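Everything below concerns the one structure shown next.
Derivation of every value follows stated rules applied to the coordinates shown; laboratory data play no part. Source: prediction; values computed, not measured. Positions of Cβ are backbone-derived with ideal geometry, glycine not excepted, and every protein chain shown enters the neighbour counts.
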Amino acid sequence: MKTIKILGTGCPKCKQTEAVVRKAVADLGADADIQKVEDIQDIMQYNILSTPAVVIDEVVQIKGRVPNAAELEALLKA
Amino acid sequence: MFTWIEWLADQLIFGLLGLAPDTHLGAALQFFVYDTVKILLLLFFITFIMGIVNAYFPVERLRSFLQRNRLFGLEYLLASIFGAVTPFCSCSSVPLFIGFVRGGIPIGVTFAFLITSPLVNEVALALFLGMFGLETTLIYAGSGILLGAVGGWVLGRLGVERYLSDWVQKMAEQPVMTGDFEEDGQTFRQRLPGITQEALSIVRGVLLYVIVGIGIGAAMHGYVPEGFFEQYLGGGQWWTVPLAVILAVPMYANAAGIVPVIQVFVAKGIPLGTAIAFMMGTIGLSLPEATLLKKVMTMKLILIFFGVVTTFIILSGLLFNLIL
């Protein structure tokens, strides 16, 4: 099972990212635990400069933008 | 360059709807259609160009460049320019601030970025270009970038590190060296769809503000008489600049909504410097931004930050009124 964390303090783009991730996971029927990280101190543990970010199994895969469905699927299958 | 849009607006309003060009309603509607189409096109074009710049020079690259090079003061200007070309998102300003401080970037340089990022952004530039033309846009962008650099430098000299929140200070004490920036190896062709999508989503995001702003502007154009504001708000008295800025700072408005209104102010007699200063106060500083920054700074630092930036906005407004 993959752990997916969505890092973002609650801006529109972060919400968009959450929606895209949830949809991708549902479409693939992937076994994943999706968590939303909103606390800025927790977010900064990942050493990123811009949100939203997507962390899969503790590795930052996407930062500073809303991912598209195709790249999320590729990441989830990997 | 835009004559075809004018033609389109004429056909639609005077032809299709059959309104006469010399009526208030006809003139206002024609103006509305023409400006909306023109500005949306400019906005798409500018966000697209910025998207390309950002794909090749993301902020991570700026940080690693600033960590490795001594620039003898130019770093303030560089950070400020980067702030201007990076698409502004209020939710990213806090992570970015911490990331820079932690990366050992001087706090003044970080502030330079933070000041310019909302002040000179893609939406403001597109609107300025569409409503005031190239010269005024360059003046706005240039002074915004300069203001960010100088403001950042001043804040750095004030030694404000001690007013950061405790947890941020602790993070700053253990700086992480981030390695050289790594390219993610995508070709231009692979990046293009993403950049286009991003540009389109920015345009979609501000569409409503643009329409409302231009709508208000168009209505005011048709109905507010020439010299109206001059008569009631005073012409070029020096104190109108600080008054406009102090009123503007707590307000927050999207640049898309504010520029069309400012354009009417200027057309009806408010000096350009006063208008630009008002605009900078509205989009550059705001209460929502202060709330966000509260997570990383003490109230004292927020007040110093706002105080310094407000002062420089007022000074640049006064300067513009003198020289323009």
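Note on chain B: with a GNM built from Cα contacts shorter than 10 Å, the maximum mean-square fluctuation among B:G159, B:G99, B:G273 falls on B:G159. At 222 nm, what helix-only mean residue ellipticity would chain B give, in deg cm²/dmol to the nearest 500, using -39500 (n - 2.57) for each DSSP H run of four or more? Estimated from H runs of four or more residues: -24500 deg cm²/dmol. When the alpha carbon coordinates of the protein assembly as shown are projected onto the principal axes, the ranges are 68, 52, 31 Å, largest first. The residue among A:T17, A:V59, A:I40 whose Cα reaches farthest toward the positive pole of the charge dipole of segment A:2-77, with charges on the beta-carbon of Lys, Arg, Asp and Glu, is A:T17.
Of B:F14, B:F113, B:F278, how do they rank once you tally other Cβ atoms within 10 Å and put the fewest first?
So the residues, fewest neighbours to most, are B:F14, B:F278, B:F113.
Highest mobility in the GNM of chain B, judged by mean-square fluctuation with C-alpha springs under 10 Å and restricted to B:G18, B:G284, B:G103, is found for B:G18.
Mind checking the dipole of segment A:29-78: about its Cα centre, +1 per Lys or Arg Cβ, -1 per Asp or Glu Cβ, Debye to the nearest 20? Please list the in-between numbers first.
Values: 4 positive and 9 negative charges, 55 e Å.
The dipole magnitude comes to about 260 debye.
When exposed loop sites are taken as GluC sites (Glu not before Pro) in a DSSP loop with at most 13 other Cβ atoms within 10 Å, the longest stretch of chain B clear of them is B:1-181. Return the percentage of antiparallel bridges among DSSP beta bridges fully within segment A:2-77, rounded to the nearest 5 %. Of the beta bridges lying entirely in segment A:2-77, close to 55 percent run antiparallel.
Counting every other Cβ atom within 10 Å of each residue's Cβ, A:S50, B:S92 order from fewest to most as A:S50, B:S92. Around the Cα centre of chain B, unit charges on the Cβ atoms of Lys, Arg, Asp and Glu (plus for the first two, minus for the last two) sum to a dipole of about 820 debye.
As a ratio to 2.2 N^0.38 Å, the alpha-carbon radius of gyration for segment A:2-77 is 0.98.
The ranking of B:I49, A:I43 from fewest to most other beta carbons within 10 Å of each one's beta carbon is B:I49, A:I43. With chain B treated as a Gaussian network of Cα nodes joined by springs under 10 Å, which of B:V264, B:V203, B:V224 yields the largest mean-square fluctuation? With Cα springs under 10 Å in chain B, the top fluctuation among B:V264, B:V203, B:V224 is at B:V224.
How many Å³ per residue does the convex hull of the Cα positions in chain B occupy?
Numbers: hull volume 44.5 nm³, N = 324.
Dividing the Cα hull volume of chain B by its residue count gives 137 Å³.
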